[in-house]
Amino acid sequence: MSKAKEAAAPAKILQYMLDQNRPYSAGDVFNNLHKEFGKTCVQRCLDQLVTEGKLVEKTYGKQKTYVINQSQFPDVDGSELNALDKEIAEVQKQLQESQSHCQRLNSELSALNSSLTAEQASNQLRELEKEVELPHTHRHTHKHTHDKPHKNRELEKKVHRTPTHT
């Protein structure tokens, strides 16, 4: 690794840790930076940042984790926390409303996608009209029902059947 790249590593790792503000192991930092720096370089930088007081190292068994030193951040009083809690609640409410609206729109889209297009409906109507006209045409041209195929007689019965009123 070049000297310039290695010199830039501590600043980049510190910025990453500030952005994330959560604990990571050296391996996590190495992987999350997409192996931009070698593992030993990452470990050296983390140790250097701990020595400088910018990171805090916590050991759990054999595993070491590193987190940004929280004393760098200003203290937050109770009223600020309450204001943030109210803001979070409002944003969560807006999120739920947006998700509900999105769900309604997705349902509507599904219904529209599953229905026929105007062209498909028109084609289907024409096909049905042809089926219905076929028995009428035979009825007017042929006066003898015994000349018609069995299926046409069944269709004609269905088409010409009138509802009975009681």
- Item | Segment S71-R104, extension gain: residue separation times 0.36 nm, minus the distance between their alpha carbons | 7.2 nm
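Suppose we take every Cα in region 1-84 and form the convex hull; what volume per residue is that in Å³?
Values: hull volume 9.3 nm³, N = 84.
That works out to 111 Å³ per residue.
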- Task: Excluding residues on the same chain fewer than 8 positions from K130, give the aspartates and glutamates whose Cα lies under 19 Å from its Cα.
- Result: E119, E154, E156
- Additional length obtainable on full extension of the chain from E87 to L125, 0.36 nm per residue less Cα span: 8.1 nm
- Heavy-atom accessible area per residue of region 1-141, all protein chains kept, 1.4 Å probe, expressed in Å², is 75
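Could you work out what % of the accessible surface of region 34-103 is carbon and sulfur, using a 1.4 angstrom probe and leaving DNA, RNA and ligands out of the count? Mind showing how you got there, number by number?
Details: 2860 of 5440 Å².
Answer for region 34-103 is 53 percent, counting heavy atoms of protein chains only.
The values are calculated or read from the model by the stated rules, or taken from the named source; none is laboratory data. Every value quoted in this text rests on a predicted model; they were computed, and no experiment measured them. Surface areas here come from the heavy atoms of the whole protein model, side chains and all, with no ligands, DNA or RNA. Shrake-Rupley method; radii C 1.70, N 1.55, O 1.52, S 1.80 Å.
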